[in-house]
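Novice: Provided herewith is a single structure, encoded as C-alpha cells, for subsequent inquiry.
The values are calculated or read from the model by the stated rules, or taken from the named source; none is laboratory data. All of these numbers come straight from a predicted model, not from anything done at the bench. Cβ placement follows ideal geometry from the backbone for every residue including glycine, while neighbour counts extend to all protein chains displayed.
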Amino acid sequence: MMIKRLAFALALAILILAVAGGLRYAEDAGMVGAEGARRTLQILIGLVLAAYANLMPKRIGRARRSPKAEAVAQAALRVGGWSLTLAGLAYAGLWAFAPLAIADIASMAVVATALAATLGYALWSFTACRSAERATVGR
Amino acid sequence: MSKVFKALADPTRRRVLQLLRQRPMTAGELSEHFAVSKPTMSAHFAVLREADLIDAAKQGTTITYRLKLSVLEDALLGFSQAFGIGLGPTGSADEAVPELSKGKMS
C-alpha cells in the first residue's frame with residue numbers, strides 16, 4: 001500500500017517535471033507563448049493538487065485508540081480532502097480563465113484558505129477530542 | 001470504478017455509507033438500522049469492501065467498519081442520494097445483491 005502511494009506521488013511529480021520541461025522546450029522553439037506555458041503549468045499543478053487531495057479521505061491509516069478519536073480523524077480527513085480538492089480545481093480554473101494579475105493572487109489565496117481551513121479544523125477537532133477524553137478520564 | 005458504481009447503486013449500501021459518515025460502527029450497530037438478516041448485511045459489507053469504500057478492522061469477535069471514500073466517491077454518493085439513483089425496496093438481499101438470489105436458486 002505504501003509503495004502504491006509513493007508510486008502515485010512520484011508519478012505526479014514526474015508528470016509535472018516532464019510537462020514543465022516540454023513547455024520550456026516548446027517556448028524556446030516558439031511553439032507556445034510565455035503566458036500560455038505559464039498558464040498550462042499552473043493548471044496542471046491545480047489538477048494535481050485536486051487529484052492528490054481527492055484521495056486524502058481514503059488514507060485512514062491504522063485504527064485509533066477510541067471511537068471518538070476515530071470519528072474526529074475521519075471528519076478531519078474529509079474536511080481536508082474536500083477543501084483541498086475544491087481549492088485545486090479553483091486554482092486550475094483561475095489559471096485557465098482569469099486575467100494573469102488576478103489568477104496570480106487569487107489562486108494562492110484559494111489554496112492558502114483551504115490549507116488554513118484544513119489545519120484549523122484538524123487542530124480544533126483534535127483539541128476538542130483530547131479535552132473530552134481528559135474529562136472522561138478525570139471523572 | 002464499476003465496482004464503485006455497483007456498490008453505490010443500492011440504497012441499503014448507500015445508507016450504510018451515510019451511517020459511517022457519522023462515525024465508525026461495528027457490524028452489529030450497522031445491522032440494527034436495517035430489517036434484514038445478518039448474511040444479507042454481510043453480503044452488502046462485502047460489496048462495499050470490494051469496492052474499497054469501507055475498511056474493516058477485526059477486534060476479537062467484533063468487526064468495526066470505517067468509511068473509506070475519496071472526495072469523488074463522496075460526491076457520487078451525494079449525487080446518487082440526491083437523485084434517487086437505484087431506488088428500490090431497502091434491505092432486500094435479492095434486489096441489492098443479485099449474487100445471493102443466484103446462490104439460492106442453485
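Novice: For residues in segment B:1-42 being more than 14 Å from chain A (Cβ to nearest Cβ) and polar (S, T, N, Q), which is surrounded by the most Cβ atoms within 10 Å (Cβ to Cβ)?
Specialist: This residue is B:Thr12.
Novice: Still on this structure, I have one more. Give me the pairs: first residue in segment B:11-39 and farther than 16 Å from B:Lys68 by Cα, second residue loosely packed, with under 14 Cβ neighbours inside 10 Å and modelled with pLDDT of 90 or more, beta-carbon distance under 6 Å, and six or more apart or on different chains, which are they?
Specialist: Here the result reads none, with nothing in segment B:11-39 linked to a residue that is loosely packed, with under 14 Cβ neighbours inside 10 Å and modelled with pLDDT of 90 or more.
Novice: Okay, next question. Right, B:Phe45: assigned to a helix (DSSP H, G or I) and away from every other protein chain (no Cβ under 13 Å) or not?
Specialist: Working: assigned to a helix (DSSP H, G or I): yes; away from every other protein chain (no Cβ under 13 Å): yes.
In short, yes.
Novice: Just give me the residues in segment A:69-109 being surrounded by 15 or more Cβ atoms within 10 Å (Cβ to Cβ) and in contact (Cβ under 8 Å) with a residue 60 or more places away in the chain, in sequence order.
Specialist: Result: A:Ala69, A:Ala103, A:Ser107.
Novice: Select from segment A:38-68 the residues that are within 17 Å of the chain's Cα centre (by Cα) and more than 10 Å from chain B (Cβ to nearest Cβ) and list them in ascending order. Break it down stepwise before answering.
Specialist: The initial filter retains those residues of segment A:38-68 that are within 17 Å of the chain's Cα centre (by Cα), namely A:41-60.
Residues satisfying the conditions are A:Leu41, A:Gln42, A:Ile43, A:Leu44, A:Ile45, A:Gly46, A:Leu47, A:Val48, A:Leu49, A:Tyr52.
Novice: From A:Ala71, A:Ala92, grab the single residue that is away from chain B (no Cβ under 14 Å) and either under 20 Å from the mean Cα position of the chain (by Cα) or under 21 Å from B:Leu17 (Cα atoms) (or both).
Specialist: On the way: A:Ala71 fails: away from chain B (no Cβ under 14 Å).
That would be A:Ala92, the only listed residue that is away from chain B (no Cβ under 14 Å) and either under 20 Å from the mean Cα position of the chain (by Cα) or under 21 Å from B:Leu17 (Cα atoms) (or both).
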